[in-house]
């Protein structure tokens, strides 16, 4: 890897550290109550050094919101694709599990502390959450119409799928032995097959 590439990789990783710390502090203290001085202190650098990685606090917030919204949009796009319903549902689950596990701080902010975000960001977040919910419901409906899904209540099934996929961040640890893909595959198997042995009463 070239020296320039190494420097860019280091810059991206350090900026990622800034975003993760900021998201955690925003969730704990609120966006407006968190200062750049606090973020810099938490990371262990000076405030002037912090500006090497970000422009201002608004820049951090935009990045956090994008990291929350991008996987949601990716899931919606998967649901609108030409895949069959089973493949669509698998793709939606894989995207949401990966995002929840790999972006724990921003996911927590989205699902537990969204009230601390500015109103415009909250509204954008709610719109995307509703769109993911709608596309998941539609995928279930399409699967039922095509005979590949059997669901007694589409709304409840939607909530169960999204809850399982989105809340991985509450327990996931990178050193725990499972990759995000393996977790998604386990969830897909459980959701598709249930937990009763075939033929059980």
Q: Please give the calculated 222 nm ellipticity per residue for the chain, where each DSSP H segment of at least 4 residues contributes -39500 (n - 2.57) and the sum is spread over every residue; nearest 500 deg cm²/dmol?
A: -23500 deg cm²/dmol
Q.
Quick check: the angle from helix 154-166's long axis to the longest principal axis of the chain, C-alpha only, nearest 10 degrees?
A. 40
**Q.** Calculated FRET efficiency for the pair residue 46/residue 173, C-beta based, R₀ 30 Å, to 0.05
**A.** 0.45
Q. What full-extension length gain, to one decimal in nm, is calculated for residue 15 and residue 57 as 0.36 nm per residue of separation minus the Cα-Cα distance?
A. 13.8 nm
Q.
What do you get for the angle between helix 57-79 and the principal long axis of the chain? Use alpha-carbon atoms, 0 to 90 degrees, nearest ten.
A. 20
Q: Output the relative contact order of the chain, whole-number percent, from Cα pairs under 8 angstrom with separation of 6+ residues.
A: 23
**Q.** the chain: angle of helix 3-29 to the longest principal axis, Cα-based, in degrees nearest 10
**A.** 80
Q. According to the Cα gyration tensor, what semi-axes, each the square root of 5 times an eigenvalue, does the equivalent ellipsoid of the range 3-193 have, listed from largest to smallest in whole Å?
A. 35, 18, 14
Q: Compute the distance in nm between two label points, each set 7 Å from the Cα along the Cα-to-Cβ direction, one at residue 198 and one at residue 159.
A: 3.1
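Where a number appears in this text, it was derived from the coordinates with a stated rule and is not lab data. Here the structure is a predicted model, which is why all the values come from computation and not from measurement. Please note: Cβ atoms are built from the backbone with ideal geometry, for glycine as well, and neighbour counts cover all protein chains shown.
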